[in-house]
Amino acid sequence: MVEVSENFLYFLDNKPYLNMTNACTNACVFCVRDQKEDVQGTKLWLDKDDINSSEAIKQIDLNKDKIKNSGEIVFCGYGEPLIRIDEVVEISKYIKENFKNIKIRINTNGHANAIHKRNVAAELAPYVDVISISLNAENEEIYNKISHPKIENAYEEVKRFIRACVEEKIFTIASVVANVPNYPVDIERCEVIAKSLGAKFRARDFIPNGY
Ligand code: SF4
């Protein structure tokens, strides 16, 4: 048994997820990071928070059979996965080369191009099947109240990133969280915006305490 010090890979209901960092450029009102360190008993808070791809790939290899049977692996952990863009690309490439029938999905806040100051959608496109981007609101004012972004013009950046992913022909979903207490969002308006950007739309219900 190899000792695992940081959980880069974890499972929820037998589905595999990749946990890249604690860091995020948002501080959403519904985020679980401030509430607890674990999700369904797996500690996701990374003590060192210095992922390297080979350590994550080692964890993937140790769980090969479970992953093979799952159909999909999702980059979605405590923080914003695309802050670790180079590692996400390296790990995705490894998965595509070694797990022929596994789809790759990324759940992201959509700030990646603004963070890295380049079009990372083009880097993801060869490997990523689905990207789910948190639109979160129908306008900047509500977005800022819900997500407390730490980057400039975050709402516009999110919309630009949605369009960039669509242009790269990644299956792109713009998502919102519905029924967040005290933060009403106009779901219909969000859907219109998502579709105007060329994306699919998904509203999921707020889950108290995350999972
Ligand atoms: S974008 Fe995701 S990880 Fe970041 S604060 Fe919001 S819910 Fe948490």
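See the values below:
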quantity: Rg/Rg_ref, the chain, where Rg_ref = 2.2 N^0.38 Å and atoms are Cα; calculated: 0.98
quantity: Efficiency of FRET between ASP13 and GLN35 - r from beta-carbon atoms, R0 22 angstrom, step 0.05; calculated: 0.60
quantity: Label point distance in nm, ALA178-ASP61, each placed 7 Å from Cα along Cα→Cβ; calculated: 4.5 nm
quantity: Estimated inter-spin distance, LYS100 and GLU188, nm [label 7 Å along Cα→Cβ]; calculated: 4.9 nm
quantity: Helix 85-98 axis, angle to the chain major axis (alpha carbon atoms, nearest 10°); calculated: 50 degrees
quantity: Gained length - THR42 relative to ALA27, 0.36 nm times residue gap less alpha-carbon distance; calculated: 3.2 nm
quantity: Long-range Cα-Cα pairs in the stretch 1-116 (distance over 23 Å), rounded percent; calculated: 24 percent
quantity: Sites SER196 and GLU140 - FRET efficiency at Förster radius 22 Å, r taken between beta-carbons, to 0.05; calculated: 0.90
quantity: Cross-link table LYS36/LYS66; LYS68/LYS200; LYS68/LYS145; LYS43/LYS159; LYS43/LYS169; LYS58/LYS195, entries beyond 29 Å C-alpha to C-alpha; calculated: LYS68/LYS145; LYS43/LYS159; LYS43/LYS169; LYS58/LYS195
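Every read-out reported here was derived from the displayed coordinates using simple, explicitly stated rules and does not represent laboratory data. Because the structure is a prediction, the values reported are computed rather than measured. So basically every Cβ, Gly included, is an ideal-geometry build from the backbone, and we count neighbours across all protein chains shown.
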